[in-house]
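Below is one structure, written out as structure tokens; comments come after it.
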Number of protein chains: 2
Amino acid sequence: MADKKIPVRFGILGCAEIARKVCRAINLSPNSTLHAISSRSIEKAKEFVTKNGLSELVKVYSSYEEVLDDPLVDAVYVPLPTSLHLKWAVLAADKKKHVLLEKPTALNVGELDRILDACESNGVQFMDGSMWYHHPRTARMKELLSDPNIFGQVKSIYSSSSFLPPPEFFENNIRTKADLDSFGALGDAGWYCIGVILWSMNYKLPTFVKALPATIRNSNGVIMSTTATLYWEQEGVTATFYCSFLSHETMEVSVLGSKGSFHVEDLIIPYEESSASFSFTSGAAFVDLHIGWNMKEQVVRVDNELPQEAFMIKEFSKLVLGIKDSTIRPDTKWGGISRSSQVVLDAVKSSADSGFKTVYI
Amino acid sequence: MADKKIPVRFGILGCAEIARKVCRAINLSPNSTLHAISSRSIEKAKEFVTKNGLSELVKVYSSYEEVLDDPLVDAVYVPLPTSLHLKWAVLAADKKKHVLLEKPTALNVGELDRILDACESNGVQFMDGSMWYHHPRTARMKELLSDPNIFGQVKSIYSSSSFLPPPEFFENNIRTKADLDSFGALGDAGWYCIGVILWSMNYKLPTFVKALPATIRNSNGVIMSTTATLYWEQEGVTATFYCSFLSHETMEVSVLGSKGSFHVEDLIIPYEESSASFSFTSGAAFVDLHIGWNMKEQVVRVDNELPQEAFMIKEFSKLVLGIKDSTIRPDTKWGGISRSSQVVLDAVKSSADSGFKTVYI
């Protein structure tokens, strides 16, 4: 067993807004500690320390290299623009740092494969920063979904992920710049839709995907809003998702099976930090005269003692500690999950870029 | 004003299972009464009277013609197989009977147009038997949906309608027979999905529709399950629906707008007869640090003093009484709503029948 008194020491490359949330999670998780942050602007890094009330013991570096060169750093969290992921994730792995990488993981699956290869050959853990996988609600939903007597076979999936950022986002944010994050809303909000759809299908890749012409781009050609369908031929399953920077916040998922179905309104970020719900029915039918149902939806509430992002850090750190201890090898499950999402992301983008052609996978 | 002491006298053509529910609704509505029922089998008709505890005053006819020839019958409810709608709805209109027609309304929009023409030229009211339009919850949802400050513009719509009938359904039911109801699950469960999608779009027809290969047919070639997408070019809106006889009961609708969104689990038949709910958010956004929302979904509950099917009968009867009174002309809104649904139904079937081609409308 890993000595619980030596937590995983994190270094963070860059001071992106999302790093604030992950900093907090690193401090909340019982097996991790924030060791170093960095920014190309030392002022920005110092401001980050103050703004987030970080300990004076946290090292503040003015370059990402310094984080990678710090022998006390076990793992790095990389919230850099997608176009920089390949370089910095591979460099980190080569320095034997475990890699927690923001999504979308790479500009294409070829790049992601180079990152995953670097992690594998260096014996370090890889995980992407999708937090909802780690919520106990997700585990509870999976339990129901996996029970053929309760859920049957998945038949139809719908997911949405949208939010309406302030006007300055559209001027300045990396997710609106073709050279920084060419996936735009598809790689950001859409990453979650793709993830939960694949999660519902046990990460089996679809037969084909197709973006739909309801796709809006900004003047840089970056997708601000799109809809796509995914189709699994063998299972006869269709999934549809809508992702957008142009609608108010939604993060819906409906998974409909032959015997059961569930619906979640707040998948990616639960309404509350300490518990989350989903609605569920199984074996629903009309009653006599078709004037009602044999049941009402059941609201399943799952309490969680940590926020989901702290569970993510805890799971990642547990793996890192095991690897450091030589009791386990890196868990390739997480890289596999990221890779499925990236393959579908690439295919949807390719469909949108080619006049909404059907793209076989 | 119509004399409230003379309610609309209904005759029913056929003793289909759904007629039991509508009988009850006719009796519950304050402005209607059941005058006559009919079946080609007089035993079946008599059994229907007993089973439903109908008054001894209700006339029992052994042919549909007799209902149409009864001068006391003001209006007919027609729950016959779709293939018989054209003949009997036109005959009824020609006999000056107001027509409440089960869905799907016809085998194609050409047939429906002949029915609507017959109703118009005979000055009788037409309405199809979709009950959910008449629930006060629907009116409340429409109020929110129509407010640009609350809902903004519709962006994405998802709807499902499914149920799992007993094995004998697949042997005997008219909805599984190509010569009786060639639309199968698409015309039955799918009618509602198409209806609510069009309702969300103020009945504007989509630019194109496309059925998806996740389509299952029985040995007669009748659709048992399908998925389709609808697209509105000008609005950039995509809608998807799943309809099926092969999944447990679902009747979900999610309508997502730029500023608001709502979700309903039990659209077609509410869980309860006396009230119904939907969940709603407007202006939703992340809070600081992306660790929660600025709101939770609001559950809007709408009480109703009558079941929705009784509201349907009441609305239809109100129109009939007004027409009898010569205070109003037939309201063509209802025929227009049915016609939009039929046009989309035809297009989805045409797509499914042609190898899932895109069908422009």
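What does the net charge come to around residue A:25 if you take all other residues with beta carbon closer than 9 Å to its beta carbon, with K and R at +1 and D and E at -1?
Around residue A:25, the charge tally is +2.
If you take each beta carbon of peptide B:257-270 and count the beta carbons of other chains within 10 angstrom, what is the mean?
Mean number of neighbouring Cβ atoms from other chains: 4.
Which net charge results when you count Lys and Arg as +1 and Asp and Glu as -1 among the other residues whose beta-carbon is under 13 Å from that of residue A:172?
Counting the neighbours of residue A:172, the net charge comes to -2.
Only four residue types carry charge here, +1 at the Cβ of Lys and Arg and -1 at the Cβ of Asp and Glu. Report the dipole size of the protein assembly as shown about the Cα centre in Debye, rounded to the nearest 20.
120
Placing the label point 7 Å from Cα along the Cα-to-Cβ direction, what are the distances from residue B:136 to the equivalent spots in the other copies, shortest first, in nm to one decimal?
Copy-to-copy label distances for residue B:136: 4.1 nm.
Count the lysine pairs in the range B:245-361 whose Cα atoms lie under 25 Å apart, taking only pairs 8 or more positions apart in sequence or on different chains.
Lysine pairs meeting both conditions in the range B:245-361 amount to 7.
Defining the label point at 7 Å along Cα→Cβ, can you sort the distances from residue A:148 to the same site in each other copy, shortest first, in nm?
Once sorted, the set of distances for residue A:148 reads 5.4 nm.
Sort shortest first the distances from residue B:358 to its counterpart in every other copy, using label points 7 Å along the Cα-to-beta-carbon line, and give them in nm.
Here the equivalent label points are 1.3 nm apart from this one.
What does DSSP give for the protein assembly as shown in terms of the percent of beta bridges that are antiparallel, rounded to the nearest 5?
That works out to approximately 60 percent antiparallel.
In the range B:18-81, which GluC sites (Glu not before Pro) fall in coil by DSSP and have 13 or fewer other Cβ atoms within 10 Å?
B:56
Of A:127, A:80, A:152, which is farthest along the charge dipole of the range A:1-155 in the positive direction, counting Lys and Arg as +1 and Asp and Glu as -1 at C-beta?
About the Cα centre, the residue reaching furthest to the positive side is A:152.
Which loop-located GluC sites (Glu not before Pro) does the range A:299-347 contain, where loop means any DSSP state but H, G, I, E or B and the Cβ has at most 15 other Cβ atoms within 10 Å?
A:305
With +1 assigned to the C-beta of every Lys and Arg and -1 to the C-beta of every Asp and Glu, and no other charges, what is the dipole magnitude of the range B:1-88 about the Cα centre in debye, to the nearest 20?
Roughly 300 debye, rounded to the nearest 20.
What does a probe at residue A:353 reach in the range A:149-189, counting residues whose amide N is under 20 Å from the point 7 Å along Cα→Cβ?
What the label zone holds, given the 20 Å backbone N cut-off, is A:174-189.
Trypsin sites (Lys or Arg not before Pro), restricted to the range A:14-53: which are DSSP loop and have at most 14 other Cβ atoms within 10 Å?
Those that pass, being in a loop and sparsely packed, are A:40.
Does the range B:195-289 come out rounded, prolate or oblate by the C-alpha gyration tensor, with a ≥ b ≥ c the root eigenvalues, rounded set by a/c under 1.5 and, if not, prolate when a/b is larger than b/c and oblate if not?
oblate
Rule-based calculations on the coordinates, nothing more; no lab input. Note that the structure is a prediction, hence the values are computed from the model and not measured. FYI the Cβ positions are ideal-geometry reconstructions off the backbone, even for glycines, and counts take in every protein chain you see.
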